[in-house]
Amino acid sequence: MCVDPAAQDPFDAWRAAAPPDTPLTVLECSGRAGMFNEILHRAPRRTRVLLIGACMTEDVFTPVVGLYKDITVTMCMAYPPEEFARTLERIADGTIDATALVTGQVGLGGVSAALDTLRQPDDHVKVLVRPDLPGTGLHPAP
(Lines give C-alpha, C1' and ligand atoms only; values in the text may rest on other atoms or scores of the structure.)
Protein backbone atom coordinates (compact mmCIF):
# COMPACT_ATOMS: atom_id res chain seq x y z
CA MET A 1 0.00 0.00 0.00
CA CYS A 2 1.23 3.50 -0.80
CA VAL A 3 -0.30 6.56 0.87
CA ASP A 4 0.13 10.27 0.22
CA PRO A 5 0.91 11.59 3.73
CA ALA A 6 -0.45 15.01 2.74
CA ALA A 7 -3.85 13.42 2.16
CA GLN A 8 -4.00 10.68 4.80
CA ASP A 9 -2.02 9.69 7.86
CA PRO A 10 0.10 6.69 6.75
CA PHE A 11 -0.04 4.93 10.11
CA ASP A 12 -3.83 5.30 10.33
CA ALA A 13 -4.18 3.99 6.76
CA TRP A 14 -2.00 0.98 7.55
CA ARG A 15 -3.92 0.20 10.74
CA ALA A 16 -7.22 0.35 8.83
CA ALA A 17 -6.01 -1.86 5.96
CA ALA A 18 -3.69 -4.42 7.55
CA PRO A 19 -4.92 -7.59 9.22
CA PRO A 20 -3.91 -7.93 12.89
CA ASP A 21 -0.28 -8.90 13.51
CA THR A 22 0.81 -7.81 10.02
CA PRO A 23 4.38 -6.51 10.19
CA LEU A 24 4.93 -2.97 8.95
CA THR A 25 7.84 -1.83 6.79
CA VAL A 26 8.36 1.92 6.50
CA LEU A 27 10.43 3.40 3.67
CA GLU A 28 11.67 6.80 4.81
CA CYS A 29 12.69 8.50 1.57
CA SER A 30 12.28 12.18 2.44
CA GLY A 31 15.59 12.72 4.20
CA ARG A 32 13.83 15.40 6.26
CA ALA A 33 15.36 16.10 9.66
CA GLY A 34 13.11 14.81 12.45
CA MET A 35 11.24 12.33 10.26
CA PHE A 36 13.07 9.26 11.57
CA ASN A 37 12.32 10.26 15.17
CA GLU A 38 8.65 10.77 14.28
CA ILE A 39 8.53 7.32 12.70
CA LEU A 40 10.08 5.74 15.80
CA HIS A 41 7.44 7.33 18.02
CA ARG A 42 4.47 6.49 15.77
CA ALA A 43 5.38 3.04 14.45
CA PRO A 44 4.03 -0.08 16.10
CA ARG A 45 6.21 -2.74 17.69
CA ARG A 46 8.47 -4.78 15.42
CA THR A 47 8.33 -2.30 12.54
CA ARG A 48 11.14 -2.43 9.99
CA VAL A 49 12.38 1.01 8.89
CA LEU A 50 14.46 1.49 5.74
CA LEU A 51 16.20 4.87 5.81
CA ILE A 52 16.71 5.60 2.14
CA GLY A 53 16.46 9.40 2.09
CA ALA A 54 19.69 11.21 2.82
CA CYS A 55 19.28 13.72 5.63
CA MET A 56 22.03 16.22 4.86
CA THR A 57 22.04 17.86 8.30
CA GLU A 58 22.54 16.60 11.80
CA ASP A 59 19.44 14.91 13.10
CA VAL A 60 18.23 13.92 16.55
CA PHE A 61 16.28 10.81 17.47
CA THR A 62 15.53 8.93 20.68
CA PRO A 63 17.14 5.47 20.38
CA VAL A 64 15.40 4.04 23.45
CA VAL A 65 12.03 4.39 21.70
CA GLY A 66 13.18 2.05 18.94
CA LEU A 67 14.76 -0.31 21.46
CA TYR A 68 11.58 -0.68 23.51
CA LYS A 69 9.56 -1.31 20.36
CA ASP A 70 12.03 -3.80 18.80
CA ILE A 71 12.26 -1.66 15.67
CA THR A 72 14.76 -2.78 13.04
CA VAL A 73 16.50 0.01 11.16
CA THR A 74 18.40 -0.40 7.91
CA MET A 75 20.24 2.55 6.41
CA CYS A 76 20.88 1.96 2.76
CA MET A 77 21.37 3.44 -0.66
CA ALA A 78 19.46 1.98 -3.54
CA TYR A 79 22.57 2.17 -5.71
CA PRO A 80 26.24 2.09 -4.79
CA PRO A 81 27.95 5.50 -5.30
CA GLU A 82 30.19 4.11 -8.04
CA GLU A 83 27.08 3.38 -10.10
CA PHE A 84 26.41 7.12 -10.42
CA ALA A 85 29.80 7.68 -12.04
CA ARG A 86 29.23 4.83 -14.51
CA THR A 87 25.78 6.15 -15.35
CA LEU A 88 27.10 9.68 -15.96
CA GLU A 89 29.82 8.25 -18.22
CA ARG A 90 27.18 6.33 -20.19
CA ILE A 91 25.09 9.47 -20.61
CA ALA A 92 28.16 11.45 -21.70
CA ASP A 93 29.27 8.87 -24.28
CA GLY A 94 25.75 8.43 -25.67
CA THR A 95 25.20 4.86 -24.48
CA ILE A 96 22.22 6.11 -22.48
CA ASP A 97 19.88 8.69 -24.02
CA ALA A 98 18.62 10.70 -21.05
CA THR A 99 16.70 13.23 -23.15
CA ALA A 100 13.47 11.26 -22.66
CA LEU A 101 13.63 12.07 -18.95
CA VAL A 102 13.43 15.82 -19.62
CA THR A 103 9.73 16.53 -20.01
CA GLY A 104 9.85 20.34 -19.86
CA GLN A 105 12.14 23.33 -19.58
CA VAL A 106 12.01 26.78 -18.02
CA GLY A 107 14.04 29.96 -17.81
CA LEU A 108 15.16 31.32 -14.45
CA GLY A 109 11.86 33.18 -14.14
CA GLY A 110 9.96 29.90 -14.37
CA VAL A 111 11.69 27.94 -11.62
CA SER A 112 8.94 28.56 -9.07
CA ALA A 113 6.25 27.41 -11.50
CA ALA A 114 8.36 24.36 -12.41
CA LEU A 115 8.61 23.34 -8.75
CA ASP A 116 4.84 23.61 -8.45
CA THR A 117 4.46 21.45 -11.56
CA LEU A 118 6.86 18.82 -10.21
CA ARG A 119 4.66 18.45 -7.11
CA GLN A 120 2.08 16.84 -9.42
CA PRO A 121 3.65 13.40 -9.98
CA ASP A 122 1.96 12.68 -13.29
CA ASP A 123 2.83 15.97 -14.99
CA HIS A 124 6.61 15.86 -15.42
CA VAL A 125 9.69 13.75 -14.75
CA LYS A 126 12.50 16.32 -15.03
CA VAL A 127 12.29 20.01 -15.82
CA LEU A 128 15.48 21.50 -17.24
CA VAL A 129 16.35 25.04 -16.08
CA ARG A 130 17.85 27.04 -18.95
CA PRO A 131 18.89 30.61 -18.11
CA ASP A 132 18.61 31.57 -21.80
CA LEU A 133 14.85 30.92 -21.95
CA PRO A 134 12.63 33.99 -21.50
CA GLY A 135 9.50 34.35 -19.38
CA THR A 136 8.05 32.49 -16.46
CA GLY A 137 6.20 29.71 -18.27
CA LEU A 138 7.01 26.09 -18.89
CA HIS A 139 8.31 25.27 -22.37
CA PRO A 140 8.17 21.87 -24.13
CA ALA A 141 11.13 19.53 -23.75
CA PRO A 142 14.01 20.05 -26.18
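Worth pointing out:
- Distance between the stretch 85-142 and the stretch 1-67 - C-alpha centres, whole angstrom: 31 Å
- Between A7, V102, V65, the Cα set farthest toward the positive side of the dipole of the chain (charges on each charged residue's Cβ, about the Cα centre) is that of V65.
- Cα gyration tensor category, rounded, prolate or oblate, for the stretch 39-87 with a/c compared to 1.5: prolate
- Here the stretch 83-109 is scanned for amide nitrogen atoms under 11 Å from the site 7 Å beyond the Cα of R130 along Cα-to-Cβ, giving 104-107.
- Cut-off 20 Å (backbone N to label point 7 Å along Cα→Cβ of D97), residues of the stretch 118-137: 125-128
- Where both bridge residues fall in the chain, DSSP classifies roughly 15% of the beta bridges as antiparallel.
- Extension reserve of the R90-A141 stretch, reckoned as 0.36 nm per residue once the Cα distance is removed: 16.3 nm
- Cα gyration tensor, the stretch 47-118 - rounded (a/c under 1.5), prolate or oblate: oblate
- Ranking C55, G135, Q120 by Cα position along the charge dipole of the chain, where only Lys, Arg, Asp and Glu carry charges on their C-beta atoms, puts C55 farthest toward the positive end.
- For the chain, the solvent-accessible area with a 1.4 angstrom probe is 71 square angstrom per residue.
- Anisotropy class of the chain from Cα gyration tensor, a/c 1.5 cut: prolate
- Other residues with beta-carbon under 14 Å from the beta-carbon of P23 carry, at +1 per Lys or Arg and -1 per Asp or Glu, a net charge of +3.
- Segment T25-I52, extension gain: residue separation times 0.36 nm, minus the distance between their alpha carbons: 8.5 nm
- Calculated FRET efficiency for the pair L108/A6, C-beta based, R₀ 30 Å, to 0.05: 0.60
- Evaluated with a Cβ-only charge set (Lys, Arg +1; Asp, Glu -1), the chain carries a dipole of roughly 320 debye about its Cα centre, given to the nearest 20.
- Neighbours of D59 by Cβ distance under 15 Å: Lys/Arg scored +1, Asp/Glu scored -1, total -2.
- Note, ³J(HN,Hα) from phi for the stretch 113-120, Karplus 6.51, -1.76, 1.60, rounded to Hz, x at Gly and Pro: 5, 5, 5, 4, 5, 5, 6, 9
- For the chain, the fraction of 1.4 Å probe accessible surface lying on carbon and sulfur atoms is 60 percent.
- For V125, residues with placed amide H under 5 Å, excluding near neighbours: T103
- Using Cβ point charges alone (K and R +1, D and E -1), the dipole size of the stretch 1-61 about the Cα centre works out to roughly 240 debye.
- Estimated vicinal HN-Hα couplings, Hz - the stretch 85-91 in sequence order (Karplus 6.51, -1.76, 1.60; Gly, Pro = x): 4, 5, 5, 4, 4, 5, 5
- For the stretch 64-69, the Karplus equation 6.51 cos²θ - 1.76 cosθ + 1.60, evaluated at θ = phi - 60°, returns couplings of 5, 4, x, 5, 5, 9 Hz by residue, with Gly and Pro reported as x.
- For V26, the amide hydrogen comes within under 5 Å of the amide hydrogens of R48, V49, L50, counting only partners 5 or more places away or on other chains and with H modelled in the peptide plane.
- Accessible area in the full protein assembly, largest first, 1.4 Å probe, for F84, F11: F84, F11
The values are calculated or read from the model by the stated rules, or taken from the named source; none is laboratory data. It should be emphasised that the depicted structure is a prediction, and the values quoted were computed from it without experimental measurement. Here the Cβ is made from the backbone with ideal geometry for all residues, glycine too, and neighbour counts use every protein chain on show. Calculation scope for accessible area: heavy atoms of the full protein, side chains included, ligands and nucleic acids excluded. Shrake-Rupley method; radii C 1.70, N 1.55, O 1.52, S 1.80 Å.
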